[in-house]
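As structure tokens, the structure follows; a few thoughts come after it.
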Amino acid sequence: MKGTNLGEFEELVLLTVAAMVNEAYSVAICDDLEKKTKRAVKLGVVHSVLNRLEEKGLAKSRLGEATKARGGKRKRYYAVTNAGKSALLKSKELRDQYWSIIPELSLKRI
Amino acid sequence: MNELQEISPPAWANRLLSWYCKPELLEDLQGDLNEYFERNVKSKGITRAKLIYFFDVLKFFRLYTIRKPEFLNLLINFIMIGSYIKTSGRSIVRNKLFSAINIIGLAISMSVGLLLISVLIDTYSYDKFHVNHSSIYRINSHYQYLENKDRNFMATTSMRTARAVKETFTGFEDVVILHRGFNGDITFGEKTIPLNGLWASESMFEVFTFPLLQGNQATALKEPFSVVLTEKAAKKMFGDEEALGKSIIFNKDKAYTITGIMKDVPTFSHIKFEMLASLSTREVTEKGNIDELAWDNMWNTYVYLKMPEEFDAHLFQANLNNLCIKENPSVKNTTITLKLQAMDSIMSGESLGNQIGPTMGSTLLWVLTGLAFVVILSACFNYTNLSVARSLRRSREIGIRKVIGALRGHVIGQFVVEAIIISLSALVAAFGVFLLLRPHFKSMEPDLQELLTLNVSPLLVICFFGFAIFIGVAAGFFPALFFSRINAVQVLKNSSSNRVFKKLTLRKVLIVFQYSISLMLITATLIMYKQYKHYMNFDLGFSTENILNIPLQGNKAELLKKELNELPEVKGISASGMITSVGSFWGVPIKNPNNPEDSLFAAFNVVDENYIPLHDHHLLAGKNFTALSDSAVESEVIVNEQVLKRFNLPKDPNLSIGEMLRVAGKDLRIVGVMKDFQYGRANNETGKETIFRYSKKDAQHLNVKLLSNDLPATYAKIETIWKKLDTVHPFNAKFYDDEIEEAFKGLSASMKLAGSIAFLAICIASLGLLGMVVFTTETRLKEISIRKVMGATEGGLVYLLGRGFFVLLGIAALIALPLTYFFFEQVMLPKIANHAPLGLLEGVIAVIVVMIIAVVMIGSQTMKVAKSNPAEVLKNE
């Protein structure tokens, strides 16, 4: 499968899903990302990423309870699957590996 | 609450979203958009929020959101079609009676539809062979004398208009002037044949697409005394010899040079001719004839204009109006109006006077469309009625289908497919009926025979199939909707039929409608038949019995007379200019002897001294014409009573004898007064003031009174004599009574049309009624058996079952008869002179006929059920 690797934005979204635990649904994720990254995040992009993550099996979703807000429409809550967790860990490990071999001096000089 | 409504996102954008979006993604996506919308309403205002919402909906139109089941659904439908066809086939076979009723009913009505389609296709294929057909227009004119507004537009206009347009108008590309009447005998050497043709201006072949086989199309009709023959005419005249350049004699008078041979005129051309002569000829022959260029001589010239692709119709019309304003004062008491008409609308357009050839006319097309529509509607009602009636049996099937997972769309699809199968089977039968009907339809009116081919072409077949599918959808749509609404749970849980019968009112309305239509058509046919009979036996004021009218076609009357007198069967021979009472009209101006300012345009006929006694015209006073030689000066006239009344001459006819009348510039003495007779056709009133003039040399017909036991043999004898004297013209003598009958061919054609449609309508309605009766009796079988066990009599049961239907027929009669009578009394008959009074008899006959058919239908079925053995029925439970 082409997409077992996580893209940068995909990773961010997946991390946000993981971080928000039970409150991760598209609009909240969008807001959170916007706050943290300080850049405009489009709902459409988040939506399609979430959709792709689910397709890859990295995230799963369930529909919440209907409330009066949102015109009575239910929210779709996302959670990270085991595959998602291992993908996140794998990417973190990869980064850590690089971090561990970078000599401290080389960064300080910049 | 109000506020909530106000801030809801635009509904149509929402609908768009739910239309394209996958159902599983829809809800939360909608929710997300709503959430953003609510935020935007607060921060940016309602309008912008709505706009953003809309754009967001558009932005979410992505590959992963678009619903795929479209294809799946199609695939399912496609797979299911096999199943639909199978179940439909089974249901058709299982209910043989209902299927037969549906197929026969639809086939009958569709054959009328097929006829209509082929007539329409033929009508609209007229003149399409002209390359420029869509940019050719004709100038029509309207003639109004004083305040008389009754005349229609004429397809003709005056030569003066033609010249004015050609020489002074702008804004058109080319103009063709046609003048009718180039008909006559063409002689080359020893051979003479009669041909019909037109005078045409030189641009004929530029504007119209009539290809020349030989000759130069630019110059063929330029020089005076040029003539162009069609291939067929040339062949008839010259055989295989070269015709181009030869000189032919027209009507034993002038010589014309053949300057071109053209391809035969196609069938679908509204202009038909065998030869064309150059219009410039008329400039030579009619030189000095002031009438040729008179403004009100607008009876023989046709002007066709080729317009640019885009032109200002209003401007051109304004120019025509200006021309009329300028020219109208040149003729006293006369107003002429001109109007453009597109050539494409000539065949299907309104019926004008003086058409260059026969046209279909919009009236006939509308009547035909209306009748076809009514009959087809009636058959579709049958289908709807019977299908819904059978819902009791089918509803469980639908219930099970729905439980298994069929959607509404699937059920609708199934029933529409079933209806299409039925209508396609009906199409096969309808096509057969169409082939049978075709010759009868064409022979209904001689014009139709000439106008329509009704040939089966690929286009026609495609149209037929499209039509059948359309009928299937139309017939099946309502039952499909009905069945698709069935609630599976209710149907499967509760086997009682009560619920299904809720639609009874609608079905009753449909039956009433069908029977009203049938009754109206039958009554109308009977009324028309009565009128027709009335006109056939109309007392014209003179005798037409056993008189054979022989058109002389240019032959000498004396020669033929001499030969005919030798036949023992011939009792008398007279000569006349025209034949009265068949719709022709000859007019002549007469000055009022008491008022020189006043003049009258009277109807007239030229006769010889034998005419009045031979036809038993009743002379009130005076005497018949005195026999004179051919060369004698005309001096006598016989008038009818109306002339005396019009000119305030003495009421007593005896006192008017000897008065002088100025007729067409000649002073004639009244020698006799005859009783009024019907000069025009019996159903119109033209020609009330009528005169007879005496002339032997103007005779165009011989009226031969025969006394014979074997008229056909006598006719054959006379034909032999004719053939001996005239080798060129065919013998086309007709008996007077037959000619009168022919004059009413329009009435008899509409009578036949209405009659056959009435027959079809009553067939369809009866089939539908039969179906309904069978159904009702079948479903009430148990009830009837129990009633019988309890002691009901057979008669009582028949009454019980049939009562409802007779009430419906009664209602239908109450609707149909007053409507029909009102229509004839108020709309049709006031326009027709001398009509027979309306009687109740026709309506009563129609009702009785329909009732008898209904009694047979209802009676046979109810009797069958009423006679059934109740034990058999009840045992089965």
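The values are calculated or read from the model by the stated rules, or taken from the named source; none is laboratory data. Keep in mind the model is a prediction, meaning the values are calculated, not measured. Here the Cβ positions follow ideal geometry from the backbone for every residue, glycine too, while neighbour counts run over all protein chains shown. Protein only, heavy atoms only, side chains kept; ligands, DNA and RNA dropped before computing areas. Shrake-Rupley method; radii C 1.70, N 1.55, O 1.52, S 1.80 Å.
In table form, for the structure just shown:
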{"quantity": "Segment A:13-36, residues that are within 14 Å of another protein chain (Cβ to nearest Cβ), in contact with a strand residue (DSSP E or B) (Cβ under 8 Å, 6 or more places away or on another chain), of a type outside the set (Ser, Thr, Tyr) and assigned to a helix (DSSP H, G or I)", "calculated": "A:Glu23, A:Ile29"}
{"quantity": "Selected residue (only one of B:Thr192, B:Thr168, B:Thr123 is outside the structural domain of B:Val303 (by TED's automatic domain parsing) and either farther than 30 Å from B:Leu459 by Cα or touching a Ser or Thr at 6+ places or on another chain (Cβ under 6 Å) (or both))", "calculated": "B:Thr123"}
{"quantity": "Index of the failed condition, A:Arg39 passing every other in (1) more than 14 Å from chain B (Cβ to nearest Cβ); (2) at negative phi; (3) touching a helix residue (DSSP H, G or I) at 6+ places or on another chain (Cβ under 7 Å)", "calculated": "(3)"}
{"quantity": "Residue among B:Glu689, B:Glu719 that is within 39 Å of the chain's Cα centre (by Cα) and open to solvent by 50 Å² or more (accessible area, probe 1.4 Å)", "calculated": "B:Glu719"}
{"quantity": "Cβ pairs under 6 Å, 6+ apart, first in segment B:359-372 and touching a residue at least 24 places away in the same chain (Cβ under 8 Å), second assigned to a helix (DSSP H, G or I)", "calculated": "B:Met360/B:Thr123; B:Leu368/B:Leu116; B:Leu371/B:Ile757; B:Ala372/B:Val112; B:Ala372/B:Gly113; B:Ala372/B:Leu116"}
{"quantity": "Residue identified as in contact with a Lys or Arg (Cβ under 8 Å, 6 or more places away or on another chain) and away from every other protein chain (no Cβ under 11 Å) among B:Ile46, B:Ile85, B:Ile66", "calculated": "B:Ile66"}
{"quantity": "Identity of the residue in segment B:692-729, in a strand (DSSP E or B) and of a type outside the set (Phe, Trp, Tyr), that ends up nearest to B:Leu559 (Cα to Cα)", "calculated": "B:Leu702"}
{"quantity": "Restricting segment B:49-63 to residues that are aliphatic (A, V, I, L, M) and under 22 Å from A:Lys75 (Cβ atoms), the residue that is farthest from the other protein chains (Cβ to nearest Cβ)", "calculated": "B:Ala49"}
{"quantity": "Filtered residues of segment A:68-81 (kept if of a type outside the set (D, E, K, R) and farther than 16 Å from A:Met20 by Cα)", "calculated": "A:Ala69, A:Gly71, A:Gly72"}
{"quantity": "Candidate set: segment B:643-679, residues that are buried (at least 21 other Cβ atoms within 10 Å of the Cβ) and of a type in the set (Gly, Ala, Ser); chosen: the one nearest to B:Asn537 (Cα to Cα)", "calculated": "B:Gly672"}
{"quantity": "Any hit, segment A:81-88, residues being under 19 Å from B:Thr65 (Cβ atoms) and either modelled with pLDDT of 90 or more or surrounded by fewer than 17 Cβ atoms within 10 Å (Cβ to Cβ) (or both)", "calculated": "no"}
{"quantity": "Spans of strands (runs of 3 or more DSSP E) in segment B:216-308 with at least 2 residues over 40 Å from the mean Cα position of the chain (by Cα)", "calculated": "B:247-250, B:254-262"}
{"quantity": "Criterion violated by B:Glu783 - all others in (1) open to solvent by less than 40 Å² (accessible area, probe 1.4 Å); (2) without any contact (Cβ under 8 Å) to a residue 24 or more places away in the chain; (3) of a type in the set (Asp, Glu) satisfied", "calculated": "(1)"}
{"quantity": "Failed criterion for A:Ser26 (all others in (1) small (Gly, Ala, Ser); (2) touching a residue at least 12 places away in the same chain (Cβ under 8 Å); (3) loosely packed, with under 15 Cβ neighbours inside 10 Å hold)", "calculated": "(3)"}
{"quantity": "Lone qualifier among B:Lys571, B:Lys561 - being farther than 19 Å from B:Gln700 by Cβ and either open to solvent by 20 Å² or more (accessible area, probe 1.4 Å) or not aromatic (Phe, Trp, Tyr) (or both)", "calculated": "B:Lys571"}
{"quantity": "Selection within segment A:55-76 - open to solvent by less than 60 Å² (accessible area, probe 1.4 Å), among the charged types (D, E, K, R) and more than 7 Å from every other protein chain (Cβ to nearest Cβ)", "calculated": "A:Lys56"}
